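Enquirer: First the structure, which I've put down as structure tokens, then a few questions once you've had a look.
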Amino acid sequence: MLANIEKVWNGYWNLFLTGLGYTLLLSFITVLAGCVIGFFLALMRMSKWEIGKVKPLSVVAGIFIEVVRGTPLLLQLYFFYFLLPDLLSFLDLSEFACITIALCLNSAAYVSEIIRAGIQAVDKGQTEAARCLGLDSRQAMIHVVMPQAVKNILPALCNEFVTMIKETSLASTFFVGELMTQYKSISGALYLTIEPLIIVGIIYFIVTFGLSKCVLALERRMNAGEQ
């Protein structure tokens with residue numbers, strides 16, 4: 001077994017590293033776009049703008065978030081994989097682009113709740129004090145609330161990145177080049193299943209374990225800074 005694992009690695013290490021590169025790229029793009037979209041979703045969810053007794057922005061954001069969080073990620077990947085090329089045929093979207101958009105929107109739904117919780121965790125007295133100093137709502141949010149909310153949000157966002165690295169494995173269903181796609185290619189070429197799977201598992205573990213330790217170190221440093 002160990003000899004076969006070494007043989008597989010020596011013969012296909014470049015494909016494994018290529019798959020890791022695609023996995024990290026896909027995860028980074030997903031979380032980065034998820035943060036941008038999630039921020040606006042969080043603001044929409046907290047919006048107090050009303051039409052009659054209805055808060056349209058909050059309702060729309062709430063429906064989107066609940067639908068995304070209430071359905072499997074794989075279903076969403078299939079949905080966007082088949083829907084977007086027909087809906088946006090003029091853009092000639094690649095498979096990678098369709099899957100990336102689906103992952104970004106999925107991440108945005110979860111990140112929006114992280115951001116909303118982080119903002120709401122800031123003492124309301126901070127906003128009131130900022131308003132007393134002459135800042136309007138937007139200025140209070142930018143200069144007072146968000147800098148404090150980042151301390152609550154950042155560790156959770158890092159954990160979302162770690163989670164997304166593992167969830168991108170579902171993208172292998174559509175052969176977009178990440179780690180599990182490379183596993184399928186190597187497994188098919190060698191007619192081996194366990195050995196390349198062990199290598200992929202080790203790579204995932206090393207990356208996620210290392211990043212998780214970095215997140216814990218970041219949390220300890222931020223907590224120490226507050227004392």
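Enquirer: Suppose every K and R has +1 on its Cβ and every D and E has -1 on its Cβ; what is the size of the dipole of region 2-226 about the Cα centre, in Debye to the nearest 20?
Expert: 580
Enquirer: Report the calculated FRET efficiency for residue 95 and residue 148 (r = Cβ-Cβ distance, R0 = 45 Å), to the nearest 0.05.
Expert: Plugging the Cβ-Cβ distance into 1/(1 + (r/R0)^6) gives 0.65.
Enquirer: Determine the gain in length on full extension of the stretch residue 82-residue 190; use 0.36 nm per residue of separation and subtract their C-alpha separation, reporting nm with one decimal.
Expert: Result: 35.8 nm gained on full extension.
Enquirer: How high is the relative contact order of region 2-226, in percent, counting Cα pairs under 8 Å that sit 6 or more residues apart?
Expert: Worked out over region 2-226, it gives 30 percent.
Enquirer: Once each part is reduced to its C-alpha centroid, what is the distance from region 80-140 to region 19-52 in angstrom?
Expert: If you average the Cα positions of each part, the centres end up 3 Å apart.
Enquirer: Moving to a separate point now. With the crude spin-label approximation of a point 7 Å out along Cα→Cβ, what separation in nm comes out for residue 48 versus residue 10?
Expert: Reported label-point gap for residue 48 and residue 10 is 6.9 nm.
Enquirer: A further question on this structure: Just 128, 113, 160 to compare: in a GNM of the chain, with alpha carbon springs under 10 Å, which one fluctuates most?
Expert: Looking only at 128, 113, 160, the largest GNM fluctuation is found for 128.
Enquirer: Report the label-to-label distance for residue 169 and residue 67 in nanometres (one decimal), using points 7 Å from each Cα along the Cα→Cβ vector.
Expert: Distance between label points: 2.9 nm.
Enquirer: Continuing with the same structure: Set the Förster radius R0 to 30 Å, insert the Cβ-Cβ distance between residue 214 and residue 74 as r into 1/(1 + (r/R0)^6), and round the FRET efficiency to 0.05.
Expert: 0.60
Enquirer: GNM on the chain, C-alpha springs below 10 Å: top fluctuator among 193, 163, 30?
Expert: 193
Enquirer: Of 183, 81, 191, which is the most mobile in a GNM of the chain whose springs link Cα atoms less than 10 angstrom apart?
Expert: Looking only at 183, 81, 191, the biggest GNM fluctuation is shown by 191.
Each value in this text was obtained by applying a stated rule to the coordinates, not by laboratory testing. Being a predicted model, the structure only gives us computed values, none of them experimental. Using ideal geometry, Cβ is built from the backbone for each residue, glycine included, and neighbour counts are taken over all protein chains shown.
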